[in-house]
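Everything below concerns the one structure shown next.
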Amino acid sequence: MTYGTVQELAVIDIADPGIPNKERIAIRPKQAVDLYDFLFIIGWRTGEAGGIVPFDVYYPGQRIIQPPSWVIIFTGSGTNRTEVAPNGEVLHIFYMGRPRTLFAPGVAAGIVKVAAVTIGQPVKPPAQVTQQ
């Protein structure tokens, strides 16, 4: 199976891994983009080929961003906000609200572009079986 590469955004850094309330993912947009179309995943790397087995997913919702700016995703709690850095770049700051840190050796961040989604029907409870 072949996967494409997300061209619109780039993971630049995992800052302060393992430090509560400081651990964060730093992402840069390469072009104007709506974050509505993306999921940010955290998971175990599966080898040098770049595979990842996600154990956490974050969806920031709709926000149109453009370069030069940053998307900063803290793994801890806080209030999502937008700020302007001293150099004039816009910082789009999000918080995942997780109760513990997520990054450790062997863990990486990834970006998934959602092109289409099909959702099936929920599982129905089994029919009641009567004992005779």
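FYI, it's all coordinate maths here, none of it is from the lab. Predicted, not measured: the structure shown is a model, and the values here were computed from it. Because the Cβ atoms are built from the backbone with ideal geometry, glycine has one as well, and the counts that use them run over all protein chains shown.
Could I have the simple spin-label model distance between residue 36 and residue 112, label points 7 Å from Cα toward Cβ, reported in nm to one decimal? In this crude spin-label approximation the distance works out to 2.0 nm.
Would you mind classifying segment 1-90 by shape? Square roots of the alpha carbon gyration tensor eigenvalues, ordered a ≥ b ≥ c; an a/c under 1.5 is rounded, otherwise it is prolate if a/b is larger than b/c and oblate if not. Mind dumping the intermediate values first?
Details: a/c = 1.80, a/b = 1.25, b/c = 1.44.
Here segment 1-90 falls in the oblate category.
Using the Cβ-Cβ distance between residue 98 and residue 66 with R0 = 30 Å, the FRET efficiency computed as 1/(1 + (r/R0)^6) comes to roughly 0.60.
Segment 83-110 and segment 1-35 have Cα centres lying 8 Å from one another. As a rough guide to protection, the peptides 23-33, 100-110, 55-65, 117-127 ranked by mean Cβ packing within 10 Å, highest first, stand as 23-33, 100-110, 55-65, 117-127.
This model, with +1 at the C-beta of Lys and Arg and -1 at the C-beta of Asp and Glu, gives the chain a dipole about its Cα centre of some 280 debye.
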